[in-house]
Amino acid sequence: MGGPTLPAGVAAEELEAVARAVAEEAGRLVVEERPDALGTSVKSTRTDVVTEMDQRSQELLVARLATLRPDDAVLGEEEGGASGTSGITWVVDPIDGTVNYLYGIPEFSVSVAAVVGDPTTEDGWEPVAGAVLNPVRGELFHAHAGGGAWCTTATGTRPVRTSDATDLGLSLVGTGFGYDAGLRERQARLLVDLLPQVRDIRRQGSAALDLCAVACGRLDAYYETGLNAWDRAAGQLVAREAGAVLGGPVDASLARQLSWAAAPGLAEPFGAVVRDLTDRHVGASDSRR
Ligand code: LIP
């Protein structure tokens, strides 16, 4: 099956190089220019925090993409994207794991993906290149469609592959929770039913890094309900290129109600159990953040 169709004259490798470059610039910004007194405000609920560095990171990403890819659109988590005419949209999370960033926990990322299609729809889009940077660890995960998944650090670039897990009862599973208290209650009930069936759970706080953790075998599987496109766009491409099987509530289409990724040997039992538990505990209409 062929990969996503790119607009004429667009090379996925070039988009990957752009994603890597701008993610690294934004990563330097959020680490090196974080003020002692970090300005914050709230969005959907009082726990849904945004910092001044989320906004500054997105402003940098939009400005650099306007220079490097002037005809492309940009959709970001924070206010202030850009329209485009090329058929490529950059879907960016300027800081994924904002609460970790706020608390000084070194598990946050800058996530940058180039997608075809409309990323404001549920599944009418597909990533073609992307990069996820943990700027504290200095780990840059990156991929383009059909090019494999890679991790670049100060010591070089290595290919990444999923684990060879096959036993659900021995699987290490990542997840996350939304900002709405009612959704969190239902997500917790899902977790109560899942936890006895797996080895253990990790809640690391960045969907992009969780998907990259599946890609490199630090997690055997990951699921989350209520993700936005910017949380997952780059990480899902890295995971798929690393050999992970990905899916949603009914089929291979990741969706707001449920997005999951698993090592191939685990995909059938894991996909079945998270689809069933999501149906039981988190209805489609409950997947607001
Ligand atoms: C975060 C997600 C994470 C989720 C958090 C939060 P943000 O994104 O990446 O998976 O569990 O609640 O939504 O808001 O830090 O960009």
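The values are calculated or read from the model by the stated rules, or taken from the named source; none is laboratory data. Predicted model, so just to flag it, every value in this text is computed and none were measured. Neighbour counts are summed over all protein chains in view; Cβ atoms, including those assigned to glycine, are modelled from backbone coordinates with ideal geometry. Surface areas here come from the heavy atoms of the whole protein model, side chains and all, with no ligands, DNA or RNA. Shrake-Rupley method; radii C 1.70, N 1.55, O 1.52, S 1.80 Å.
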> Only one of these conditions is not met by SER83: (1) out of contact with any Phe, Trp or Tyr (no Cβ under 7 Å at 6 or more places or on another chain); (2) open to solvent by less than 60 Å² (accessible area, probe 1.4 Å). Which number is it?
Replying inline: (2)
>> I need a count of the residues in segment 35-63 that are more than 21 Å from SER111 (Cβ to Cβ) and at pLDDT 95 or above.
In response: 1
>> Going through ARG64, ARG34, ARG46, ARG28 one at a time, which residue ends up being in a helix (DSSP H, G or I), under 23 Å from ALA207 (Cα atoms), of a type outside the set (Gly, Ala, Ser) and open to solvent by 60 Å² or more (accessible area, probe 1.4 Å)?
In response: ARG28
> Could you say which residue among GLY76, GLY84 is small (Gly, Ala, Ser) and over 22 Å from GLY27 (Cα atoms)?
Replying inline: GLY84
>> Can you find, within segment 191-213, the residue that is least open to solvent (accessible area, probe 1.4 Å) among those that are more than 13 Å from the ligand (Cβ to nearest atom) and in a helix (DSSP H, G or I)?
In response: LEU194
>> ASP231 - would you say it is more than 12 Å from the ligand (Cβ to nearest atom) and out of contact with any Gly (no Cβ under 8 Å at 6 or more places or on another chain)?
In response: no
>> For segment 152-190, which positions are of a type in the set (A, V, I, L, M, F, W, C) and surrounded by fewer than 12 Cβ atoms within 10 Å (Cβ to Cβ)?
In response: ALA154, ALA181, ALA188
>> Restricting to segment 103-134, and then to whatever is in contact (Cβ under 8 Å) with a residue 40 or more places away in the chain, within 16 Å of the ligand (Cβ to nearest atom) and out of contact with any strand residue (DSSP E or B) (no Cβ under 6 Å at 6 or more places or on another chain), can you tell me which residue is most open to solvent (accessible area, probe 1.4 Å)?
In response: ILE105
